[in-house]
1. Surrounded by 14 or more Cβ atoms within 10 Å (Cβ to Cβ) and more than 27 Å from the chain's Cα centre (by Cα): does that describe residue 199?
2. Would you check if there is a residue in region 275-287 being outside any loop (DSSP other than H, G, I, E, B), in contact with an Asp or Glu (Cβ under 9 Å, 6 or more places away or on another chain), among the small types (Gly, Ala, Ser) and crowded, with 17+ Cβ neighbours inside 10 Å?
3. What is the one condition in (1) at pLDDT 95 or above; (2) more than 30 Å from residue 232 (Cα to Cα); (3) not polar (S, T, N, Q) that residue 20 does not satisfy?
4. Under the condition of being among the charged types (D, E, K, R) and within 30 Å of residue 378 (Cα to Cα), which residue from region 37-93 is modelled with the highest pLDDT?
5. Please specify each residue of region 122-153 satisfying the condition of being among the aliphatic types (A, V, I, L, M) and assigned to a loop (DSSP other than H, G, I, E, B).
6. Within region 75-121, which residues are part of a helix (DSSP H, G or I) and within 15 Å of residue 369 (Cβ to Cβ)?
7. If residue 312 meets every condition in (1) at negative phi; (2) out of contact with any His (no Cβ under 7 Å at 6 or more places or on another chain) apart from one, which number is that one?
Amino acid sequence: MNENQKKLIRGFSKLTKQAKLDWIITSFFNKTQSVYHEMSSFWLQDDKQQQIIDGFSENTVSNFILPYSVCPNLMVNDNIYCVPMVTEESSVVAAAASAAKFWLERGGFKTQILGTQKIGQVHIKWDGSFQELLDGWQVLEPAFRKTIQPLVHNMEQRGGGVKEMSWKDFTNEIPGYYQAFVKFETCDSMGANFINTILEELGKALGEHFNVLRDDQLEVIMCILSNYTPDCLVRVSVSCPVSQLKDSSIPIDAEDFASLFNTAIRIAEIDPYRATTHNKGIFNGIDAVVIATGNDFRAVEACGHTYAARSGSYSSLSHCNIEHGIFEFWMDFPMAVGTVGGLTKLHPLAQKSNELLGNPSAETLMQIIAATGLAQNFAAIRSLVTTGIQKGHMKMHLQNILQQLSAADNETELVLQHFEHHVVSFNAVRTFLQDIRNSKAAQLSN
């Protein structure tokens, strides 16, 4: 049996969690005892909670731990929030907190919801004409609405449901391809399961109806929500007189800072290379809150990046303007998040995150998340156009470097003192730490 064959297994998903972990360790690791101890050490002590966590995914063998942090002092529409953030990147939380405090003294973040509708699509192929499709749908729609009434009743009671249905003709791009384009309102839930259920019922109804009308076979290709939600949109902004931008965190003149900041944003608007990194900084803040509240950060990212490219060229999600001595920084951001259903109620810390935020509605959560993203973006651009990004980032990263180099407590204290006034880099820290150890070894030998 060769090495690859030893790594194959049948029926893995049917094994117990213990058996899965045992097989992985014996098949892929050398130090079996230490690996088992390390992997199992991350299991929760509460068996009931661990069972809930295991149910989120498949083939689970351990838990992957990330820091759970908070960003205090974030003022959104005159309300103060302490925002939960889950991220592994150094300086993200510190930067967001710094920007939150900066704008707290200047009126905070202002937000408004521009829309909350989500999109679903039924993709079909049919040899009939577009007009025949529209005529057939006009006949079918009343019966379909009646069929789905039990499925939409509870959502409609909360003000949601199926809001609009239309058809799109793509036969110039793909022969016979049409699309049912459906708009939904899902209130405080993200709504994926609700939307997909309605879409599959629509696909079934279309197939049954049109295949009776004529001999041509209507083929339902797929029924699925779209994670691009440009009509589920929040606007967030900050503004103040340029003269009020002066702060101890900004080591240059307020007017010069405003001008440099504005130019930096303009560069991100016209250059996709810069825009990609610029928007990544926004997602540093947004993703951290989305994860902490049990929402789908992958869907939010996919939507945001598509929105950033809606003009045909990838561009900055945030914008800046200076007129009549007033500095304004803002962003329109599309996102579909929920505060009921899914992990928001199942994950213990997601529950606590929503409680920490005052158990917000989905609309309020959208506004808090967007404000955190803009705060993170402001802090990043402020560093870039003044002190440079590495100074603050590497100081925050210093503890990680010391961990990698197995620094003792007394060594850590000396390193922290030294790098208060020196540029931090992995090599510089390693060299300084080695000098400490060499000096200590020399003293011992004498």
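The values are calculated or read from the model by the stated rules, or taken from the named source; none is laboratory data. Here the structure is a predicted model, which is why all the values come from computation and not from measurement. No Cβ is skipped: glycine too gets one built from the backbone with ideal geometry, and neighbour counts run over all protein chains shown.
1. On the way: surrounded by 14 or more Cβ atoms within 10 Å (Cβ to Cβ): yes; more than 27 Å from the chain's Cα centre (by Cα): no.
Criteria not met by residue 199.
2. Yes, some residue in region 275-287 is outside any loop (DSSP other than H, G, I, E, B), in contact with an Asp or Glu (Cβ under 9 Å, 6 or more places away or on another chain), among the small types (Gly, Ala, Ser) and crowded, with 17+ Cβ neighbours inside 10 Å.
3. All conditions are met except number (1).
4. Step one: of region 37-93, the residues among the charged types (D, E, K, R) are 38, 46-48, 54, 58, 78, 88-89.
Add one more test, that the residue is within 30 Å of residue 378 (Cα to Cα), and what stays is 78, 88-89.
On the way: 78: 98, 88: 94, 89: 91.
Filtering region 37-93 for residues that are among the charged types (D, E, K, R) and within 30 Å of residue 378 (Cα to Cα), the one modelled with the highest pLDDT comes out as 78.
5. Scanning region 122-153 gives a single hit, 148.
6. First pass over region 75-121, keeping only residues part of a helix (DSSP H, G or I): 92-104.
Across region 75-121, the qualifying residues are 92, 93, 96, 99, 100.
7. Evaluating residue 312 over (1) at negative phi; (2) out of contact with any His (no Cβ under 7 Å at 6 or more places or on another chain) leaves (1) as the failure.
Yes/no per residue for (1) at pLDDT 95 or above; (2) closer than 28 Å to residue 342 by Cα; (3) of a type in the set (Asp, Glu); (4) not in a helix (DSSP H, G or I):
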{"site": "168", "(1), (2), (3), (4)": "yes, no, no, yes"}
{"site": "171", "(1), (2), (3), (4)": "yes, no, no, yes"}
{"site": "174", "(1), (2), (3), (4)": "yes, no, no, yes"}
{"site": "180", "(1), (2), (3), (4)": "yes, yes, no, yes"}
{"site": "194", "(1), (2), (3), (4)": "yes, yes, no, no"}
{"site": "198", "(1), (2), (3), (4)": "yes, yes, no, no"}
